[in-house]
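The values are calculated or read from the model by the stated rules, or taken from the named source; none is laboratory data. This is a predicted model, so every value here is computed, not measured. Note that we place each Cβ from the backbone using ideal geometry, even for glycine, and neighbour counts take in every protein chain shown. Ligands, DNA and RNA are excluded from the accessible area calculation, which covers all protein heavy atoms including side chains. Shrake-Rupley method; radii C 1.70, N 1.55, O 1.52, S 1.80 Å.
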Amino acid sequence: RRQRQMCIRDRIIALLITIIGIIIIEPSFLQWRVVTDIMTQSAVKLICALGLMFPLLLGGTDLAGGRQVGLAAVVVASLAQKAGYSKLFWPGLPELPIFVPILVALAVVALIGYLNGLMICKLRMAPFIATYGMASAVYGLNQLYFAKAPNNSQPIGGIRDDLTILSRFRIGGQVSFLVVIALVVMAVVWFILNRTTFGKNIYITGGNKEAAKVSGINVNKVIIACFIIESILVGLAGILEVARTGGANAGYGNAYEFDAISSCVVGGVSLSGGIGKVSGAFIGVMILSLIHI
């Protein structure tokens, strides 16, 4: 435990050094507008990183994470257009309650997570191979759906205000509501990993699968559940991207999984499984966001 605390402390120091270095190079970085912009841009990245944490804690990965972001974005955008928009994806479809497109998008990606878990548990496929193949399948499926007439691969626009308000609404006129959503997701993930039996089982399974089986843990259920949760979180990230940009296309989410994995690793999440904290993923996201500005 002391060693983990030291690792987190080292990463906090690295984050502070990065911030100080940027301020020295560019003093205008201290402007509140710049800070809020970075927070807004980091919100979706943080949710993706929190999602990828689950397979990483098992000693696996999900290379289809970014493509699931894109699929969720296209699905929710296609179902959440304004009724009077000139280029409707589904002509004649009435405006649905906004929770319907959101739930449909999350259900689609949750199914993908379930299939990933099944391939790993039942077919004994390595997570790298299973999710790499799934990434190609998801992208192909998304392209086919996106190319459906009358859309014909045109960017989807005309997103309803009750979805885009998630990004447009700013607390105190400054902080985007996306930041609040990301912080809530972070709190929920922290609770799952630190205050539930399921969370403890994730760490035990990631540390030693054989020991987990001997102790009575249903390893297959843990793995499948982790991939479903991860898919739901990256799907949520895709939905929030639509809210932020006001549109969608099949290219959304490309390579997001690599940024998420990098953030987790920088934050101390072990690729071997069993080690990692939510606070570390948060610090990793912030460090990479600051480096990329």
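Any idea how far apart Asn220 and Leu123 come out in nm if each label point goes 7 Å out from Cα toward Cβ?
So the two model labels end up 1.5 nm from each other.
Select from the chain the helices, each a whole stretch of DSSP H, whose alpha-carbon atoms run 24 Å or more along the helix axis and whose Kyte-Doolittle mean is at least 1.6; answer none if there are none.
99-121, 177-195, 219-245
Step through the table entries Lys122/Lys200; Lys45/Lys221; Lys122/Lys148, compare each Cα-Cα distance with 25 Å, and write down the pairs that go over it.
Beyond 25 Å: Lys45/Lys221; Lys122/Lys148.
Per residue and in Å³, how big is the convex hull formed by the alpha-carbon atoms of the range 207-288?
That works out to 110 Å³ per residue.
Tell me which chymotrypsin sites (Phe, Trp or Tyr not before Pro) from the range 35-144 have a DSSP coil assignment and no more than 11 other beta carbons within 10 Å of their own.
Answer in residue order: no site qualifies.
Taking only the alpha-carbon positions of the range 68-155 and ignoring solvent, what does the Debye formula give for the base-10 log of I(q)/I(0) at q = 0.15, 0.18, 0.24 Å⁻¹?
-0.63, -0.81, -1.16
What is the sum of charges, Lys and Arg at +1 and Asp and Glu at -1, for the other residues whose Cβ falls under 15 Å from the Cβ of Val109? Don't jump to the answer; show the numbers that get you there.
Details: positive: Arg67; negative: Asp62, Glu230, Glu241, Glu257.
Once all neighbours under 15 Å are counted, the net charge is -3.
Give the carbon-plus-sulfur fraction of the accessible surface of the chain in %, rounded to a whole number; probe 1.4 Å, heavy atoms of protein chains only.
66 percent
Could you work out the relative contact order of the chain? I mean the mean sequence separation of Cα pairs under 8 Å and 6+ apart, divided by the number of residues, in percent.
With pairs under 8 Å counted, the relative contact order is 38 percent.
Using modelled amide H (1.01 Å from N, peptide plane; none on Pro or chain starts), what sits under 5 Å from the amide H of Ser270, excluding residues fewer than 5 places away?
Residues meeting the criterion, in which the H sits 1.01 Å from N, are Ile275, Gly276.
Quote the FRET efficiency, to the nearest 0.05, computed for Phe99 versus Leu141 with a Förster distance R0 of 35 Å and r equal to the Cβ-Cβ distance.
0.90
How large is the Rg to Rh ratio of the range 151-293 when both quantities use alpha carbon positions and Rh follows Kirkwood? Each step should come with its number before you reach the end.
On the way: Rg = 17.9 Å, Rh = 17.3 Å.
For the range 151-293, the value is 1.03.
Just from its helices, what would the mean residue ellipticity at 222 nm be for the chain, if runs of 4 or more DSSP H residues each count -39500 (n - 2.57) and the sum is divided by every residue, rounded to the nearest 500 deg cm²/dmol?
Helices in the chain give a 222 nm mean residue ellipticity of -23500 deg cm²/dmol.
Can you tell me the accessible area per residue over the chain, all protein chains present, probe 1.4 angstrom, in square angstrom?
Per residue, the chain has 47 Å² of solvent-accessible surface.
What's the center-to-center distance, using Cα atoms, between the range 31-64 and the range 238-264 in Å?
10 Å
What's the Cα-based Rg to Rh of the range 228-268, Rh via Kirkwood?
Values: Rg = 11.5 Å, Rh = 11.3 Å.
Taking Rg over the Kirkwood Rh, I get 1.02.
Can you give the direction-averaged projected area of the convex hull of the alpha-carbon atoms in the range 46-102, in nm²?
If I average the Cα hull's projected area over directions, I get 5.0 nm².
For Arg195 and Ile22, compute 0.36 nm times the residue count separating them, minus their Cα-Cα distance, and round to one decimal in nm.
This chain segment gains 58.6 nm when fully extended.
Taking P(r) over Cα pairs in 5 Å bins from 0, in percent straight from the coordinates, which label in [x] 1, 4, 7, 10, 9, 7, 5, 5, 6, 7, 8, 8, 6, 4, 3, 2, 1, 1, 1, 1, 1, 1, 0, 0, 0; [y] 1, 5, 9, 11, 13, 13, 13, 11, 9, 7, 4, 3, 2, 1, 0, 0, 0; [z] 1, 6, 12, 16, 17, 15, 13, 10, 6, 3, 1, 0, 0 is the correct one?
[z]
If you keep only loop residues by DSSP, which chymotrypsin sites (Phe, Trp or Tyr not before Pro) in the range 141-228 have at most 15 other Cβ atoms within 10 Å of their Cβ? Could you put the intermediate results ahead of the total?
Details: sites: Tyr145, Phe146, Phe169, Phe177, Trp190, Phe191, Phe198, Tyr203, Phe227; in loops: Phe169.
Answer by residue number: Phe169.
To the nearest 0.05, what FRET efficiency results for Leu290 and Val180 with a Förster distance of 25 Å applied to their C-beta separation?
0.75
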